[in-house]
Structure formats: C-alpha cells, structure tokens
Amino acid sequence: MTTQIGADKVVHRGPSTAGGDDTARPRRNRPLISYGHWWWALPAVAMVLLVHYVATAGGAFYAFTDWTGIGDFNFIGLDNFERIVDDPTLLGSLKNTLFIAFGFLILTNVLGLLLALALNRTLKTRYLLRVLLFMPVVLSPLAVSYVWKFIFDFDGPLNQFLGWIGLESWQRPWLADPGLAIWAVLVVMVWQTTGLVMVIYLAGLATVSPDVEEAAALDGAGTWSRFWHITAPSIRPSIAIAGTLMLVQGLRVFDQVMALTNGGPGGATETLATQVYKETFALGNFGFGAALALMLTAIILVFSVLQQMATRDRT
C-alpha cells in the first residue's frame, strides 16, 4: 500500500496486520556479535600468550643460568651452550636427531605418496585399505613402541620367523646392536605415521582433475610425465604440509626412543629430546636442560622455515 503525503513525500506501507498496525518496522540485519568487536577474543589470546609464549620465554631465560631446580641460581651467560658444543655425547645426540628426522621425513613422504596414488581412485577395496593403513596413527606411540620392542627381542617373533624360514644368519639383537637400534626406532616411527601422510596426500589428489590426466594420456604423456607435470604441481600444498609435520615430529622424537632403547645401547639412539629429559629431570640440571631445549627449538624453527621456503608455491 502506498500513501501520498504532501507534495513530494511518499510512504510505503505493507499490508495491514490483524491488530491493525500496518506501520513498517525496520529489521535487525546486524549480527549479535559484530566482527569489529575483536575484544571478544581477548581471553583466548591472553591464554595463548600466557601458556605458550610467556612460559617458553621463561624457560629460555633459565638456559643462561645454572639453576638446579631448587633454590637460587646464577646468570652464567653462554656457558651452557659452550658445554653443549664441547660435549661429544651431545653432538652425537644432535647427529642422531638429524638422522632420524630426515630419514623419517623422506620415508614417510615417499611411502605415504605411493600409498595415496595406489588407493586414490581405481581400486575397489580402497576404502577398507585406507582405514587399515590409518589405524596405527590413532594408537598411542608408547603402546606401539612396547609392542615393537617385544617383536624386536632376540627371542621375539621377528627372529623366530627368520629362523622358521631358514634365515638364521639374519637373526640379530635388533635393539642391542648400536648399528641397528636407530634403524629399529625409525621403522617403528615410519610404520605408525605413514597412514597420516597418506591421508594428507589423498586430500591433495582429490583436487587433481581426472579429465586433465586423461587428456595428457591421450596426447601421449607417460605415467611419470603426467605425475611430474600435472599431479605434483597440483598437490604442492599437501607436500608442504606433510613435509613440515613430519620434519617437526622427527626432530622432537621422544616416546619411541625412550620405550624402545632408552637412548641405548651406548648412546646410539640418544636424541636431543631424550637428553633434555635426562639432564632436567634425572640429573637436576634445569639450566643446562633448558639450554638443550632452546637449541632444539631453534633447530626446529630453522628447518621448518627452510622446508616451507623449499616447498612454497612460486606461481
């Protein structure tokens, strides 16, 4: 309904309601919480700052002291870091950490990508196989490590199986051999985590158009050429995510080492994370343990940034 008022003023009215009130009422289009009210996020931001950054900064401060966890402490500057550089045991732990991290990064990504390619589209049982391959990811790393420790025992199932098939010469004390123990740790880590990498790559492969691959195949492109020029560029974000996650997880490995070997035999599987635990809680050198933890944090940060730079999308 339209009502003329005066010479040039028109008021639009809607249909009359049962109560006779036909005055148009403005509707509330603004949300209950406006996006401009950023202060609603302040409690969460304050909690993150307090728990993560303030606590981390406090721990970093103790890296420059000789605190033993009780009583007073003295500021000693870079003495803890000089001790790390001069200690061959700690340098060996750093080498073990880097070996496990990069071995874990390469093996999980290669195997995860191969499994994702195999279970992407054509296989009829792919959904069941995806579930079975992902199941180890949801298990506790400690529980998995203790099961594998039983398997690797000299009288365990692995050596018994080798003897049963006539390969007695292959039987080894897998966790007591300094040359094999670190490989055993790596096998356990890769076995449990490859399923996660597979899922990440499956998500990336879902964005690759089958029509483009079919067109390339009709033009004569081979399997490797299609993967390198079509699939790999399309899943670059998945490669970056999987690479970063596996690199960080490999650098801070702790559970598997403690459960399988406790850093042995003879320090052959000691990592920076296990050294942080032992120096801090077993020996009471909280200042020195904080220095080790700070160095490990810096290493993780540097390698993560380098990895992101290597896998970023340059298009």
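Out of D155, D211, D177, I need the residue that is acidic (D, E), assigned to a helix (DSSP H, G or I) and modelled with pLDDT under 95. Which one? Show your work before the answer.
Values: D155 fails: assigned to a helix (DSSP H, G or I); D177 fails: assigned to a helix (DSSP H, G or I).
Testing whether each residue is acidic (D, E), assigned to a helix (DSSP H, G or I) and modelled with pLDDT under 95 leaves just D211.
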Please go through the stretch 180-192 and give me each residue that is in a loop (DSSP other than H, G, I, E, B) and under 16 Å from the mean Cα position of the chain (by Cα), ordered by number. none
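Does A118 satisfy the criteria of being open to solvent by 40 Å² or more (accessible area, probe 1.4 Å) and small (G, A, S)? Give the steps one after another, and end with the answer.
Working: open to solvent by 40 Å² or more (accessible area, probe 1.4 Å): yes; small (G, A, S): yes.
Taking the combined requirement at face value, the residue satisfies it.
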Positions within the stretch 137-149 being open to solvent by less than 80 Å² (accessible area, probe 1.4 Å) and part of a helix (DSSP H, G or I), in sequence order: V137, P141, L142, A143, V144, S145, W148, K149
Considering every residue within the stretch 165-178, establish whether at least one is closer than 24 Å to G250 by Cα, within 27 Å of the chain's Cα centre (by Cα) and open to solvent by 70 Å² or more (accessible area, probe 1.4 Å). no
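Kindly check whether there is at least one residue in the stretch 193-201 that is assigned to a helix (DSSP H, G or I), farther than 30 Å from T231 by Cα and in contact with a Leu (Cβ under 8 Å, 6 or more places away or on another chain). Spell out the reasoning first.
If we filter the stretch 193-201 for residues that are assigned to a helix (DSSP H, G or I), which is where we start, we get 193-201.
The next check asks that each one be farther than 30 Å from T231 by Cα; those that pass are none.
No, the conditions are met nowhere in the stretch 193-201.
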Single residue of the stretch 246-295 satisfying the filter (open to solvent by less than 10 Å² (accessible area, probe 1.4 Å), touching a Lys or Arg at 6+ places or on another chain (Cβ under 9 Å) and in a helix (DSSP H, G or I)) that is nearest to T89 (Cα to Cα): L272
Close pairs from the stretch 180-197: first over 13 Å from V257 (Cβ atoms), partner basic (K, R) and open to solvent by 10 Å² or more (accessible area, probe 1.4 Å), Cβ under 9 Å, at least 6 apart: L180/R172; G195/R130
Mind listing whichever residues of the stretch 234-244 are open to solvent by 20 Å² or more (accessible area, probe 1.4 Å) and without any contact (Cβ under 8 Å) to a residue 40 or more places away in the chain? S234
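Against the condition closer than 15 Å to W191 by Cα, buried (at least 17 other Cβ atoms within 10 Å of the Cβ) and among the aromatic types (F, W, Y), how does F152 come out, does it pass?
Details: closer than 15 Å to W191 by Cα: yes; buried (at least 17 other Cβ atoms within 10 Å of the Cβ): yes; among the aromatic types (F, W, Y): yes.
Spelling it out, F152 is indeed closer than 15 Å to W191 by Cα, buried (at least 17 other Cβ atoms within 10 Å of the Cβ) and among the aromatic types (F, W, Y).
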Taking only the stretch 63-94 into account, find how many residues are in contact (Cβ under 8 Å) with a residue 40 or more places away in the chain, under 12 Å from A291 (Cα atoms) and either among the small types (G, A, S) or open to solvent by 70 Å² or more (accessible area, probe 1.4 Å) (or both). 2
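The values are calculated or read from the model by the stated rules, or taken from the named source; none is laboratory data. What you are looking at is a predicted structure, and each value in this text was computed from that prediction instead of being measured. Neighbour counts are summed over all protein chains in view; Cβ atoms, including those assigned to glycine, are modelled from backbone coordinates with ideal geometry. Surface areas here come from the heavy atoms of the whole protein model, side chains and all, with no ligands, DNA or RNA. Shrake-Rupley method; radii C 1.70, N 1.55, O 1.52, S 1.80 Å.
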